[in-house]
1. Hand me the trypsin sites (Lys or Arg not before Pro) from the stretch 82-141 located in a DSSP loop with no more than 14 other Cβ atoms within 10 Å, in residue order please.
2. Do any chymotrypsin sites (Phe, Trp or Tyr not before Pro) in the stretch 39-136 lie in a loop, going by DSSP, with at most 15 other beta-carbon atoms within 10 Å of their beta carbon, and if so which?
3. For an R0 of 22 angstrom, estimate the FRET efficiency from the Cβ-Cβ distance between Glu62 and Arg101 and round to the nearest 0.05.
4. Out of all DSSP beta bridges with both ends in the stretch 45-140, state the antiparallel percent to the nearest 5.
5. For the stretch 45-140, what is the number of Lys pairs with C-alpha distance below 23 angstrom, counting only pairs 8 or more positions apart or on separate chains?
Amino acid sequence: MFGKYLLLAFTLVSNLGSATGSSISAIPNLNENRESTARVAPYVVRKTLEIWVTAYSSTPEETDDTPFITASGSTVREGVVATNLFPFGTKVLIPEYFGERVFVVEDRMHSRKTNNLDIWMASKQEAKKFGISQTKIVVLE
């Protein structure tokens, strides 16, 4: 008896797929499009240096007239940093504060900021809480 209901359910689903012009062939893998939880791929350390690290947010007083667009043209998000020291796309670690989390240079700072790195944060409150610190960064290849 169970087999009849299973066959009926399969037939209904198959017919529904035909009626809508699509086919139902398999249950989708829900983990298929998930991002990896790994934070560090096998990078090569290019150099390590001590610089001033601060934080900023997308508020008008901290940015230009496009506060959610970086100087490289991308949208601000977690993991974006601003600096004038390295080309766009350079990957850096800030191990003292973020361990092995990789940040990417996608924004610029005012030209007077020559030895600084600015971490984008979602709110001005978070950025202020982070403050300013002279710390070691690791530049990756």
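1. Answer by residue number: Arg101, Arg112.
2. Passing sites in the stretch 39-136 are Tyr43, Phe68, Phe88.
3. Step by step, r from the Cβ atoms, then E = 0.50.
4. Restricted to the stretch 45-140, the bridges split so that about 70 percent are antiparallel.
5. Counting lysine pairs in the stretch 45-140 gives 10.
Only the coordinates and a few stated rules stand behind these numbers; no lab work does. Every value quoted in this text rests on a predicted model; they were computed, and no experiment measured them. Neighbour counts are summed over all protein chains in view; Cβ atoms, including those assigned to glycine, are modelled from backbone coordinates with ideal geometry.
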